[in-house]
Amino acid sequence: MEAIDFEALETALRRRTLQLAARLLEQQFNRDHSDYQGSSLPCACGRRARYVERRWKSFHSVVGELNLERATTTVGNDERGFCPRDRTLGMDATSLSPAVVRMIGTVGPGQLPGR
């Protein structure tokens, strides 16, 4: 009987499972266009933000990188604005999911390799 590299098998299956989970999560979010909330929305700056289009952004999550298409807005003629879905998901000021941010906080910068 041939020896089985159980650790290599576990690692490969874990990696593939996380990739599959990331694709399923992407599909779920990208099918859902409920983040479009009308042609204009109130912005935190006090002005109105107008809907521009759906745009892509990459996010890092615990299951891997996600490429999400989101409704985007702009305020005035500049590029300021926001994405309603980013706000809802708690990722409006970052490209890290809340779970990844929590994991980083648990580890702490002093505990990261190379520090």
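The values are calculated or read from the model by the stated rules, or taken from the named source; none is laboratory data. None of these values were measured; they are calculated from a predicted model. Note that we place each Cβ from the backbone using ideal geometry, even for glycine, and neighbour counts take in every protein chain shown. Surface areas here come from the heavy atoms of the whole protein model, side chains and all, with no ligands, DNA or RNA. Shrake-Rupley method; radii C 1.70, N 1.55, O 1.52, S 1.80 Å.
Report yes if some residue within the stretch 30-41 is touching a His at 6+ places or on another chain (Cβ under 8 Å) and in a strand (DSSP E or B); otherwise report no.
no
One residue is enough: does the stretch 37-46 have a residue meeting the conditions in contact with a strand residue (DSSP E or B) (Cβ under 9 Å, 6 or more places away or on another chain), within 23 Å of Ser97 (Cα to Cα), modelled with pLDDT of 90 or more and surrounded by 11 or more Cβ atoms within 10 Å (Cβ to Cβ)?
yes
Looking at the stretch 2-12, can you tell me whether even one residue there is surrounded by 12 or more Cβ atoms within 10 Å (Cβ to Cβ) and either among the hydrophobic types (A, V, I, L, M, F, W, C) or in contact (Cβ under 8 Å) with a residue 12 or more places away in the chain (or both)?
no
Any chance the stretch 66-74 includes a residue that's assigned to a loop (DSSP other than H, G, I, E, B), among the β-branched types (Val, Ile, Thr) and farther than 21 Å from Arg31 by Cβ?
no
Counting only residues that are closer than 19 Å to Arg70 by Cβ and assigned to a loop (DSSP other than H, G, I, E, B), how many does the stretch 42-59 have?
Counting residues in the stretch 42-59 that are closer than 19 Å to Arg70 by Cβ and assigned to a loop (DSSP other than H, G, I, E, B) gives 2.
Looking only at the stretch 64-101, how many residues end up being out of contact with any helix residue (DSSP H, G or I) (no Cβ under 6 Å at 6 or more places or on another chain), open to solvent by less than 30 Å² (accessible area, probe 1.4 Å) and basic (Lys, Arg)?
Selection size over the stretch 64-101: 1.
Yes or no: the stretch 14-23 includes at least one residue that is open to solvent by less than 80 Å² (accessible area, probe 1.4 Å), among the hydroxyl-bearing types (Ser, Thr, Tyr), in a helix (DSSP H, G or I) and without any contact (Cβ under 8 Å) to a residue 24 or more places away in the chain.
no
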